[in-house]
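Asker: Let me begin by handing over the structure; questions about it come next.
Every read-out reported here was derived from the displayed coordinates using simple, explicitly stated rules and does not represent laboratory data. If you're wondering where the values come from, they're calculated on a predicted model, not measured in any experiment. No Cβ is skipped: glycine too gets one built from the backbone with ideal geometry, and neighbour counts run over all protein chains shown.
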Amino acid sequence: MSTSFSRSVRNAGMIGAFVMAPCLAINPGLVSAAETIKAIVTTAPNVPPPITRTVPANVIVELEAHEWVGKLSDDNNYKFWGFGTAGAAGTVPGPMIRVMVGDTVEIRLKNDKNSQESHNIDFHAVTGPGGGAAMLNTEPGQESRLRFKALNVGLYFYHCATAMGPTTSSPSIPEHIANGMYGGILVEPVGGLKKVDKEFYVVQSEFYTKPGKKGDTLEFSFENGLAEHPSHVVFNGMAGALVKNPLQAKVGDIVRMFYVNAGPNHVASWHIIGEIFDRVYPEGSLTTAPLEGLQTTVVPAGGSSMAEFKVEVPGTYLNVDHSIFRIAKGAVGLLKVDGPESPDIYKGLK
């Protein structure tokens, strides 16, 4: 699709038709008599606590859209758009949300008064037009709400899907995603997931920037996005985010990683150098039997994967996209494992 054609489609409202529907009021009478609780949401790589209840609840999730300048790498800043918890700064990725199948989830989305753009959220966990985006179009300084029933178990992606803002020159859906507006939502089965020792939330994403010098605040490039030529491919919003702050585990721990590929363009080849995934739940499906003993697993753009593995040997492990040149663009993180040596498993020989 050419740049001019893409913009003409946006201007005609064809992309935005489904996400710009009038916001429908929430009918309080639709709320069940179940317990109402406020969701605990966390910033990456942290994961909300496991759900121990077995009865569906009414769950309130409060989020806020922000636009800010922050670190994309040690050399450059970038003007991010992203989500944060209500009253807190935005982060890339946005907070992780954890609910249970059968829950009635109420999303309360605010858009910071200092934002320049309209924002909303398309939840891949939602059954309904636009994944809820049609109900969550939110202008700067305003708040919108959506209520949905969590019908399907799985690990799902969410992202901004605002196609058109106050003017026809406003950014498209790809630009909102490319600038950092995404995160993950886990819908657990009744009874929760099997207990593990460590859980981590990792999101891979691409940034498309215009050329700049060291120290510059880089600008988004629509043309590079169309060409699918990212300047940066990162974990958790910044090149080196998981190098400066490695994930931590101990020998003998069973680790569970919730891995989301925000794209917006590339398929990821997720691999941890020196580890084998004991169980992988491809594309975020938690209702089918896992694959076992995988070296690398494919995670589509706009998709996810959940993997579990036991760490038997101490040391530092590299988390990478095995489309391996992406390491040079920032797609590398560390998992540091402390504990006693395991010479029966791994030992150098003279």
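Asker: Could you state the number of Å between the C-alpha centres of region 82-126 and region 177-194?
Answerer: So the separation of the two Cα centres works out to 12 Å.
Asker: How about residue 198: which lysines have a C-alpha closer than 24 Å to its C-alpha, ignoring those fewer than 8 places off in the same chain?
Answerer: By straight Cα distance, residue 198 reaches 38, 244, 250, 310, 336.
Asker: Moving on to the next point. Determine the gain in length on full extension of the stretch residue 346-residue 216; use 0.36 nm per residue of separation and subtract their C-alpha separation, reporting nm with one decimal.
Answerer: 42.3 nm
Asker: Kindly work out what percent of the DSSP beta bridges joining two residues of the chain are antiparallel, to the nearest 5.
Answerer: Around 70 percent of the beta bridges assigned by DSSP in the chain are antiparallel ones.
Asker: Would any residue of region 204-237 have its amide N under 19 Å from a label point 7 Å out along Cα→Cβ of residue 69? List them or say none.
Answerer: In region 204-237, the label zone of residue 69 (backbone N under 19 Å from the point 7 Å along Cα→Cβ) covers 208-221.
Asker: Let me ask you something else. Rounded to the nearest 20 debye, what is the charge dipole size of the chain about its Cα centre when +1 sits on each Lys and Arg Cβ and -1 on each Asp and Glu Cβ? Walk me through the numbers before you get to the answer.
Answerer: Details: 29 positive and 33 negative charges, 35 e Å.
With only Lys, Arg, Asp and Glu charged at Cβ, the dipole is about 160 debye.
Asker: Next question. For residue 52 and residue 197, what is the calculated FRET efficiency with R₀ set at 22 Å and r taken between the beta-carbons, to the nearest 0.05?
Answerer: Efficiency, from the Cβ-Cβ distance: 0.85.
Asker: Go through [x] 23.0, 75; [y] 21.1, 79; [z] 20.4, 74 and flag the label whose value is the computed Rg and Dmax of the Cα atoms in Å for this structure.
Answerer: It is the value labelled [z].
Asker: Moving on. Residue 228 to residue 278: extension gain in nm, 0.36 nm per residue of separation minus the Cα-Cα distance? It would help to have the intermediate numbers written out before the result.
Answerer: On the way: separation 50, 0.36 × 50 = 18.00 nm, distance 3.27 nm.
Full extension of this stretch gives 14.7 nm more.
Asker: Just subtract the alpha-carbon distance of residue 285 and residue 139 from 0.36 nm times their residue separation and send over the number in nm, one decimal.
Answerer: Values: separation 146, 0.36 × 146 = 52.56 nm, distance 3.39 nm.
Stretched out fully, the residue 285 to residue 139 stretch lengthens by 49.2 nm.
Asker: Can you tell me how region 198-338 classifies by the Cα gyration tensor, rounded, prolate or oblate, using a/c under 1.5 as the rounded cut?
Answerer: oblate
Asker: Return the distance in nm (one decimal) between the two label points of a simple spin-label model at residue 316 and residue 152, each offset 7 Å from Cα along Cα→Cβ.
Answerer: Each label point lies 7 Å from its Cα, and together they span 4.0 nm.
Asker: Apply the Karplus curve 6.51 cos²θ - 1.76 cosθ + 1.60, θ = phi - 60°, to the phi angles in region 243-253 and return the couplings in whole Hz, x for Gly and Pro.
Answerer: Going residue by residue, I get 9, 5, 10, x, 5, 10, 8, 10, 3, x, 5 Hz, with x marking Gly and Pro.
Asker: With an 8 Å Cα cut-off and a minimum separation of 6 or more residues, compute the relative contact order for the chain in percent.
Answerer: Answer for the chain is 15 percent.
Asker: Here's something else I'd like to know. Please give the peptides 114-122, 180-188 ranked by average Cβ packing (other Cβ atoms within 10 Å per residue), highest first, as a rough proxy for protection.
Answerer: Working: 114-122: 22.6, 180-188: 27.0.
Highest to lowest by the protection proxy: 180-188, 114-122.
Asker: Given the -39500 (n - 2.57) contribution per DSSP H run of 4+ residues, what per-residue ellipticity at 222 nm results for the chain, rounded to the nearest 500 deg cm²/dmol?
Answerer: After summing the helix terms and dividing by residue count, I get -2000 deg cm²/dmol.
Asker: Starting from the Cα of residue 38, step 7 Å along the direction of its Cβ; do the same at residue 88; then give the gap between the two resulting points in nm.
Answerer: 1.2
Asker: With 10 angstrom as the radius, rank 250, 38 by how many other C-beta atoms surround their C-beta, starting from the fewest.
Answerer: 38, 250
Asker: Classify region 128-265: rounded, prolate or oblate, from the alpha-carbon gyration tensor (a ≥ b ≥ c, eigenvalue square roots; a/c under 1.5 rounded; otherwise prolate if a/b is larger than b/c)? Display every interim value, and only then the final one.
Answerer: Working: a/c = 2.56, a/b = 1.19, b/c = 2.15.
Since a/c reaches 1.5 but b/c is at least a/b, the shape of region 128-265 is classed as oblate.
Asker: Please order 139, 223 by the number of other Cβ within 10 Å, starting at the fewest.
Answerer: Ascending Cβ contact count within 10 Å gives the list 223, 139.
Asker: Just want the ordering: 287, 104, 36, from fewest to most Cβ atoms lying within 10 Å of their own Cβ.
Answerer: 287, 36, 104
Asker: Take every Cα pair under 8 Å in region 198-338 that's 6+ residues apart, average their separations, divide by the length, and report that relative contact order as a whole percent.
Answerer: Once normalised by length, the contact order is 29 percent.
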